[in-house]
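Notes to accompany the following structure.
Just so it is clear, none of the values below were taken in a lab; they were calculated from the coordinates. Everything numeric in this text was worked out from a predicted model, so none of it was measured. Positions of Cβ are backbone-derived with ideal geometry, glycine not excepted, and every protein chain shown enters the neighbour counts.
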């Protein structure tokens, strides 16, 4: 078997890994998700990046076969996208033990005063968790399961007619018909960045107002979060997977949604609704039309993303899980977490 060489890439647009090659690696790996696209990763790093970027390519015979999009800060190594990204993983084929071992060793050796790795939100369906446990032993590290989160989803492919039935539930239709009786209800699905960007200020303000009276203030109070969504609309608006929906009632925006449809998975990501109309449930009207949009596009899954909110359980047909993995030298005290278990 040819040896593995680790090549540090300077930027996300490094000519040694053109976008077509990045997409090919994504398709070959266990986790092919919008959060690992070059557009998402680039936007996240440009807005939230800190510490040292460790964008490492594993090469065999001069060809990159896997990519580790990492960064280090204060001795810890994380995935780029750690914060706001529902699913993260290595990119490409890490099935050969030497590949993952070489990537981890290179990241460790590039991190002064190395403390450990913490890999957030790795899907359980990925083999990465098992491979990290094996690689940690080869590298003399201790591997911990640091807890999991659920990600409910609705299977649209198994029975498309049943999915349509879900979209016609009385609980969804009742509020929509009430709004239609008392005004003009319109739903617009937008894709291009030029079409989406003018709506972002109203979306941010509506989201802020929605959460203002709760213990959970809107993320859009943070200017960097607004910049991130603006950067995504700019960088990903023309590649085809970005989705933005606006629901208006008598030309008044009453609900928005910022999400994606990538490789047939329609993602419920960041919704908002007009809190002044809460009794009319514009959020349920929004959800119904997103379900219809996903069905119309031929999506195989409606992914509700991370979180176990009750409304998700009403519609989901199955629940996936993501897990956080920590790898630490034996002499380092593993940071305390409620559900951390050595494996």
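Miscellaneous remarks
- 22 Å tail of the calculated P(r), the range 157-299, as % of Cα pairs: 41 percent
- Judged by the mean number of other Cβ atoms found within 10 Å, the most tightly packed of the peptides 165-172, 88-95 leads the ranking 88-95, 165-172.
- Taking the chain and dividing mean pair separation by its residue count, relative contact order in percent (alpha carbons under 8 Å, at least six apart): 23 percent
- Average Cα contact separation per residue, the range 157-299, under 8 Å, 6 or more apart, as relative contact order %: 29 percent
- Alpha carbon centroid spacing (whole Å) that separates the range 280-336 from the range 162-231: 17 Å
- Take 69-79, 35-45, 182-192 and order them by the average number of nearby Cβ atoms within 10 Å per residue, most first; the result is 35-45, 69-79, 182-192.
- Point-to-point label distance, residue 155-residue 11, nm (Cα→Cβ direction, 7 Å offset): 4.5 nm
- Debye equation applied to the C-alpha atoms of the range 276-317, log10 I(q)/I(0) at 0.25, 0.31, 0.33 Å⁻¹: -0.99, -1.15, -1.17
- Kirkwood-Stokes translational diffusion coefficient of the range 1-156, alpha-carbon pairs, 37 °C, 0.692 mPa s, µm²/s: 208 µm²/s
- Cα principal axis extents for the range 218-338, largest first, Å: 64, 36, 35
- Computed over the chain, the P(r) curve from all C-alpha pair distances, binned at 10 Å from the origin, holds 5, 23, 31, 23, 12, 4, 1 percent per bin.
- The chain, helix-only ellipticity at 222 nm - DSSP H runs n ≥ 4, -39,500 (n - 2.57), divided by all residues, nearest 500: -10000 deg cm²/dmol
- Percentage of interatomic Cα-Cα distances in the range 80-146 larger than 15 Å: 54 percent
- Volume per residue that the Cα convex hull of the range 11-102 spans, once the total is divided by residue count, Å³: 97 Å³
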